[in-house]
Amino acid sequence: DESLQKIAKRMAVDDVGFLPVGENDRLVGTITDRDIVVRAVAEGKDGNATVREVMTKDVKYCFEDEDIEHVAQNMGDIQVRRLPVLNRDKRLVGVVSLADAALKEDPATAGIAMSGVVVPGGAHAT
């Protein structure tokens, strides 16, 4: 149960806006810089609030052996830019982003996913 201030500092040092949240070697959520702004700062919470208070608990993920085109399509369908990557034992092995999809596949693959992600007022609007 780390504080938002500590996680925000880690994001700044690592130059990332997304971190998986684990407990007992299991993925239990994710936290983004946007989660911190919308669910903490905008709600008047201070830096001592815990990650658990504002993290996204409904974790969407993909498996490391899934086809990148399928993963990119899924990212567009569920309107996310990043997904935790798990092995078949459901252990975290990494994070995939739309940028990864664009580099790995043709630009059309990332374009298909982006068309679903950048819908104004989408699932992450509130």
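Observations on the structure shown:
- For Gly94, the residues 5 or more places off, or on other chains, whose built amide H falls under 5 Å of its own are Val85.
- Local charge for Glu2 was computed over the other residues whose Cβ lies under 12 Å away, with Lys and Arg +1 and Asp and Glu -1, and equals +1.
- Normalised by 2.2 N^0.38 Å, where N counts its residues, the alpha-carbon radius of gyration of segment 1-83 equals 1.17.
- In this structure, the amide hydrogen of Val21, modeled 1.01 Å from its nitrogen in the peptide plane, lies closer than 5 angstrom to those of Val28, Gly29, Thr30, Ile31, counting only residues at least 5 positions away or on a different chain.
Here, each number is a calculation from the coordinates, and none is a lab measurement. All of these numbers come straight from a predicted model, not from anything done at the bench. Here the Cβ is made from the backbone with ideal geometry for all residues, glycine too, and neighbour counts use every protein chain on show.
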